[in-house]
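Each remark here refers to the structure printed beneath this line.
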Amino acid sequence: MIITKDPAQFLLAEYAQLKAEILKRSEFQHQLISIALVALGALVSVGLKESPIAVLAYPMLALFLSALWIYNDGQIAQLGIYIQYRIEENLIGEGLGWEHAIKADPVSPIIGKRIRIATRGILIGSELMAIGLYAATKQDLATKQGIRLSSLATSLSKGEMVLLVVDLVVIFVTFWIMRHQHLREKMKEAIQRARSESPPAVWCG
């Protein structure tokens, strides 16, 4: 391990570590989306052939994957803001560096918003799709068994009714945790407040 008293070397080393952490968390977010889609495909293949109720397990899995995705999204934002205000400003000056440039670009917020909308669409949309496929499968089975559609709800078991209600609540919770809460602005205000309250750093050359 190399120990240095040079502030510039420390900031460069910290910058490299934090950028690597951002990349790792971004890759993990992509993996979470892949896991969600693979899990949906697996449950649908089982549900359509053997047990339709298996599909109702998906929304609960998607909820936990959504929570992990939004947590990593917040961590990425926090790391980026730290790099912008704690490293780039001290190392190369205010207004310079990648994080400053990307934040100043008027297109960046639009891209970020579209990414979050797309992620919401995949996770919440797949939850709704799971319930829709379950309902369609049950309707098809009821038709084959000669059960009237008006009597379909009463033919559901208590377990199926409970899972349906739970899934509807889960979808609402997923939407709630995935909504845009302006976390980046709150983090930015917090780090700027902390910087203004702390005494200026004295660098000895």
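Miscellaneous remarks
- Selected residue [without any contact (Cβ under 8 Å) to a residue 60 or more places away in the chain, among the hydroxyl-bearing types (Ser, Thr, Tyr) and part of a helix (DSSP H, G or I)] from 66, 108: 108
- Checking each residue in the range 45-62 for being surrounded by 20 or more Cβ atoms within 10 Å (Cβ to Cβ) and either closer than 30 Å to residue 99 by Cα or not hydroxyl-bearing (Ser, Thr, Tyr) (or both) picks out 47, 52, 55, 56, 59, 62.
- Counting only residues that are among the polar types (S, T, N, Q), part of a helix (DSSP H, G or I) and modelled with pLDDT under 90, the range 147-182 holds 4 of them.
- Residue 124 meets each of the listed conditions (1) free of Cβ contacts under 8 Å to residues at least 24 places away in the same chain; (2) surrounded by 15 or more Cβ atoms within 10 Å (Cβ to Cβ) apart from (1).
- One residue from 53, 33 being part of a helix (DSSP H, G or I), within 16 Å of the chain's Cα centre (by Cα) and among the β-branched types (Val, Ile, Thr): 33
- Qualifying residue in the range 76-86 (condition: exposed (fewer than 13 other Cβ atoms within 10 Å of the Cβ) and of a type outside the set (Asp, Glu)): no
The values are calculated or read from the model by the stated rules, or taken from the named source; none is laboratory data. Keep in mind that this is a model prediction, so the values were computed, not measured. Here Cβ is always computed from backbone atoms with ideal geometry, including for glycine, and neighbour counts include all displayed protein chains.
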